[in-house]
Amino acid sequence: MLIAAGLIACILYLVSLKGKPAVSDLQLGASSAILMDLQTGEVLYEKNANEALPPASMSKLMTELIILDLTSEGALGWNEKVKTSAYAAEVPGSQIGFEALESYSVRELFEAMAVHSANDAAVALAEHVSGKETAFAALMNKRAEKLGLSSQTIFANATGLSSEDLLPFPEASAEGDTEMTAKDTAMLAAYLLKKYPEVLDVSRRSSVKLANRAKSLQSTNLMLSGMPYAFPGNDGLKTGYTVQAGYCFTGTAKQDGRRLVSVIMGADTPEQRFIETGKLFQFGFKTDGLTSLIGHIQSKLGIQVG
């Protein structure tokens, strides 16, 4: 009788799912993806989430975490001045566009890195903190181990650029490439948001203005309010792109007191990473409680219920 009662309860619950989102309805154009509830840590959806892939600038989330750790501990001041090196000035990709021997505050460089994904800012901060980017990369890997990220996640530099991108620079950290899993990336983002929620005060900004620069640096997150792919409640978190990584995005959004964290890796176009993130958010905010548990099982088994 107990077994029969259990089966009836399961049938009734599965019937109640009719009309609710099904994981199998999510057809994502990405190599890897994950969706997580920040408060509970529950995984609502995953696709190849344990596969190590190049994350591009999403790895700057670890650079952000280390800077926030140091400022929180008092070991680094937000108004502390950073002298830029020739390597930092010449590193490719998204930039502030400074020259060697210019001076910026830690806060200015942090905001340029978080909002505009400035590689030169990330290198300048890494060199200021550790002397050489090599030492900073070691610090990143030590912090990853402390966080409990998997052994598949390896940080090779402060920016997420590929070793091929950095071949002309003997000062660059490692010969290898940074690799992360979508799950580890989501775990890192979730930890960052819980420990330093003030990071959202930076990531929600559409642009940043540096004291000695004429032009503002625009956000790379096109899901913010007023942007082409705006999603209600989105206020972060980090884009990424290299040829090897494709287009990536670690996103977060909050609706009705509930915050989700998503990761898209290996999208084919810059727009696609935001479109796919929107699909995840739409699914996630319609899914809660036991429904999300069923959804997680569906994603594992590749089945649709209801």
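The values are calculated or read from the model by the stated rules, or taken from the named source; none is laboratory data. As the structure is a computational prediction, the values presented were derived from the model and not from experiment. Neighbour counts run over all protein chains shown; Cβ positions are idealised from the backbone, glycine included. These accessible areas exclude ligands, DNA and RNA; they are computed on the full protein's heavy atoms, side chains included. Shrake-Rupley method; radii C 1.70, N 1.55, O 1.52, S 1.80 Å.
At 1.4 Å probe size, with every protein chain present, just tell me what the per residue accessible area of the range 49-110 comes to in Å². All intermediate terms of the calculation are to be shown ahead of the outcome.
Values: 2290 Å² over 62 residues.
Accessible area per residue: 37 Å².
Ordering of 132-144, 74-86, 101-113, 237-249 by packing is 237-249, 101-113, 132-144, 74-86, highest average first (other Cβ atoms within 10 Å, averaged per residue). With a simple spin-label model that places each label point 7 Å from the Cα along the Cα-to-Cβ direction, the separation between Gln218 and Thr134 comes to 3.9 nm. Subtracting the Cα-Cα distance of Glu145 and Glu51 from their residue separation scaled by 0.36 nm leaves 32.1 nm. With a/c under 1.5 counting as rounded, go ahead and sort the range 153-261 into rounded, prolate or oblate using the C-alpha gyration tensor (a ≥ b ≥ c being the square roots of the eigenvalues; past the cut-off, prolate if a/b is larger than b/c, else oblate). Oblate is the answer for the range 153-261, as a/c is 1.5 or above yet b/c matches or exceeds a/b. The range 29-87 and the range 226-267 have Cα centres separated by 13 Å.
Arrange the peptides 190-196, 271-277 so that the one whose residues have, on average, the most other Cβ atoms within 10 Å appears first.
Ranked by mean Cβ neighbours within 10 Å, highest first: 271-277, 190-196.
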